[in-house]
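Peer 1: This is the structure I want to talk about, given as structure tokens.
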Amino acid sequence: MKIRNNKSIVLFILLFFSLIATAQKGSFTTSATIGLATPILDSGIGLHIGINPSYVLTPHFSIEGQISYASTKIHSSFLSGAEGQSNSVNTLGGGRLNLNSVEKKNRFYVNALIGLNYNKEEKNGLKMDGQFNVGSSIGAYLELKSFLVGLSFETPENLVLKVGYIF
């Protein structure tokens, strides 16, 4: 029950931030994303939600942040075969490189973010203490007017297919 309450609180906070973000013309944008996460070495699937604010520095480079939550159900761990659940929160910052010009309405970009990751796991019914680690995210995205589609690799070892909306 406690895990469900923690998930609800994180989801509420992320949704709250996405609702207060207003559509702004100019250098600052915020995108809200949701996606499917799958562990790279383990067999499993999960849900990812996140908020990514960005600020344009030049026509091709922006600084970007990310606050995200991922919950992944692991059906079979790579070496041990253990089953379990992973819950992770990333707080990251870094850069975004736009690969085509501002005049294009559909834009491609890549990002590389680094920061703090909090991960709590349960394997074969044993709950492990949460750990703070270095977090990261590397991804490639396509902006389609106000919509976003992308693929990223994020800590802890998740490949995430994202869709989102840009405010």
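The values are calculated or read from the model by the stated rules, or taken from the named source; none is laboratory data. As the structure is a prediction and not an experimental result, all values here were calculated from the model. When we count neighbours, we look across all protein chains shown, and the Cβ atoms used for this are built from the backbone with ideal geometry, even at glycine.
Peer 1: Under 6 Å by Cβ, and 6 or more places apart or on different chains, what pairs join a residue from region 136-165 that is at negative phi and of a type in the set (Val, Ile, Thr) with one that is buried (at least 17 other Cβ atoms within 10 Å of the Cβ) and in a strand (DSSP E or B)?
Peer 2: Pairs that qualify, where the first residue is at negative phi and of a type in the set (Val, Ile, Thr) and the partner is buried (at least 17 other Cβ atoms within 10 Å of the Cβ) and in a strand (DSSP E or B), are THR155/ASN117; THR155/GLY135; THR155/SER136; VAL160/GLY35; VAL160/ALA37; VAL160/HIS48; VAL160/SER152; VAL160/GLU154.
Peer 1: Any idea which residue in region 103-152 is farthest from GLY35 (Cα to Cα), counting only those that are buried (at least 17 other Cβ atoms within 10 Å of the Cβ) and acidic (Asp, Glu)?
Peer 2: That would be GLU121.
Peer 1: Being at pLDDT below 95 and either within 21 Å of VAL89 (Cα to Cα) or of a type in the set (Lys, Arg) (or both) is the filter here, so list the residues in region 134-149 that pass it.
Peer 2: Matches in region 134-149: LYS145 only.
Peer 1: Hey, another quick one. When VAL102 is evaluated against the numbered criteria (1) of a type in the set (Val, Ile, Thr); (2) touching a Lys or Arg at 6+ places or on another chain (Cβ under 9 Å); (3) part of a loop (DSSP other than H, G, I, E, B), which criterion, by number, is the only one it fails?
Peer 2: Of (1) of a type in the set (Val, Ile, Thr); (2) touching a Lys or Arg at 6+ places or on another chain (Cβ under 9 Å); (3) part of a loop (DSSP other than H, G, I, E, B), only one is false for VAL102: (2).
Peer 1: Tell me which residues, restricted to region 37-67, are among the aliphatic types (A, V, I, L, M), surrounded by fewer than 16 Cβ atoms within 10 Å (Cβ to Cβ) and part of a strand (DSSP E or B).
Peer 2: Filtering region 37-67 for residues among the aliphatic types (A, V, I, L, M) gives 37, 40-41, 45, 47, 49, 51, 56-57, 63, 67.
Narrowing the set further to residues that are surrounded by fewer than 16 Cβ atoms within 10 Å (Cβ to Cβ) leaves 40-41, 45, 57, 63.
Matches in region 37-67: ILE45, ILE63.
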